[in-house]
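In what follows, a single structure is set out as structure tokens and then discussed.
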Amino acid sequence: MSNPYWIAKRTSELLRIATAGSVDDGKSTLIGRLLHDTKSIFEDQMEHVVQTSERRGDGYVNLALLTDGLRAEREQGITIDVAYRYFATPRRKFIVADTPGHEQYTRNMVTGASTADVSIVLVDARKGVSEQTRRHAYIASLLRIPHLVVCVNKMDLVNYDENVFYEILEQMTDWMARLQVPDITFIPISALNGDNVVDRSDRMQWYGAAPLLYHLEHVVIAPDRNLQDIRFPVQWVIRPMSDEHHDYRGYGGQVAGGVLTPGAEVVVLPNGRSTTIAAIDTFSGVLDSAFPTMSVALRLADEIDISRGDMIVSPEDQPVASRELDAMLCWMSEEPLSPRSKYTIKHTTRSARAIVEQIEYKVDINTLEHEPAGQLGLNEIGRIQLRCSTPLILDPYARNRSTGSFILIDESTNDTVAAGMVLNAR
């Protein structure tokens, strides 16, 4: 059997990052600085940024233009959509989601941060902690992003004053103590000038820790993955029926938890049949192990009736199959959510019809207090009770982010109207 600790190390090669913070706190500029200083942009891209900056009369090379893709974003100098950028260093590969700061685009921020390993929340050193800062930090904790980096940006505009940095640190620390974030790091930066982004800043020698990129290269994310509980939602039953593979039967999907190895005992839910893994296949060949978030095809030792939406799990610590659940919900539609509303729920590879039985409360982002609510409006977050037409195979979101999350879909428009996190099955 493969060493699970070696496998865990392999899962840490790619780091998913989501940036957050209020409008004009410098998220796009920070990403542009990371791309520029790690030499991850092409010459023609840089020439375009220089020319556009001159045409706009910015007075400096506006690196935020590297991520602001929509015309409305470029004209207003804000981020509306979620922009994904990729870069790499010799130590690690990175995917960065540049998410919007406006409150009206909170739903976009939730989308961009839903798969992140690290959340970078920017704070303008001149303005301090804002409502949007708290909103985004709360969403990061709600989404169980295990690592939070608070970058106090625009330190150049406060003369690199360490007192400003430590005042913001104290404000955020007191407020964040009420949230469940296991790892918080504070870094003073100037994204515009590059201070403490890729290299240590000579102008902030009072800050003795590492710059942002070093921290991102060395943050340990392997323990954040659930490598104990096997979770494999079946997406596709593979039957080529060709002369070469006439009798082949495999089950394709993405590993959502645990380490899969040939010979391992597994149970197929919801039918409860037991078997063992005969082989793990990929397009490139047979593997001796698979782990989150690899996409593979499993061959099983026994012929079992398995369909899309079933889940292959470990015999121990099985998920719960239930039609009723409690969940936290971020509402994403212009039309408010009301009790007795009906939607399609999409959970892993299974879909069902669902009805909202009750809205228990909504969360006040500033105070974190629970308020009675008859509805949930756009971008509001609350706790609800759902009942589904067929059992879903669930884990609490705190245990597994893949098998504990879902979306709600409006049946008439096919629009995604909510993102949910399972608290418990009832």
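The values are calculated or read from the model by the stated rules, or taken from the named source; none is laboratory data. Remember, predicted model here, so these are calculated numbers, not experimental data. Here the Cβ is made from the backbone with ideal geometry for all residues, glycine too, and neighbour counts use every protein chain on show. Note: accessible area is taken over every heavy atom of the protein model, side chains too, but ligands, DNA and RNA are not part of it. Shrake-Rupley method; radii C 1.70, N 1.55, O 1.52, S 1.80 Å.
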Euclidean distance of C-alpha centroids, region 293-343 and region 372-426, integer Å = 11
About its Cα centre, what dipole magnitude does region 183-236 give when the only charges are +1 on Lys and Arg Cβ and -1 on Asp and Glu Cβ, stated in debye to the nearest 20?
-> 80
Within region 101-233, the percent of DSSP beta bridges that are antiparallel, given to the nearest 5, stands at 5
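Of 183, 202, which has the most accessible area and how do the rest follow, probe 1.4 Å?
Ranking 183, 202 by accessible area, largest first, yields 202, 183.
Rounded to the nearest percent, how much of the accessible area of region 186-233 (1.4 Å probe, protein heavy atoms only) is carbon and sulfur?
46
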Mind jotting down the three principal axis lengths of region 231-313 based on Cα atoms? Whole angstrom, largest first.
-> 33, 26, 21
Where the accessible area of region 303-342 is counted over protein heavy atoms with a 1.4 Å probe, how much of it, in %, is carbon and sulfur?
-> 40
Solvent-accessible area per residue for region 315-407 (1.4 angstrom probe, square angstrom) = 42
Backbone N under 20 Å from the residue 247 label point (7 Å along Cα→Cβ), restricted to region 293-310 = 298-306
Note down the relative contact order for region 297-411 as a percent, whole number, built from C-alpha pairs under 8 angstrom at least six residues apart.
-> 33
In Å², rounded to a whole number, the accessible area per residue of region 231-313 with probe 1.4 Å is 49
Can you flag which of 93/346; 27/154; 127/154 are past 22 Å Cα-Cα?
-> 93/346
How big, on average over all directions, is the shadow cast by the Cα convex hull of region 320-425, in nm²?
-> 6.2
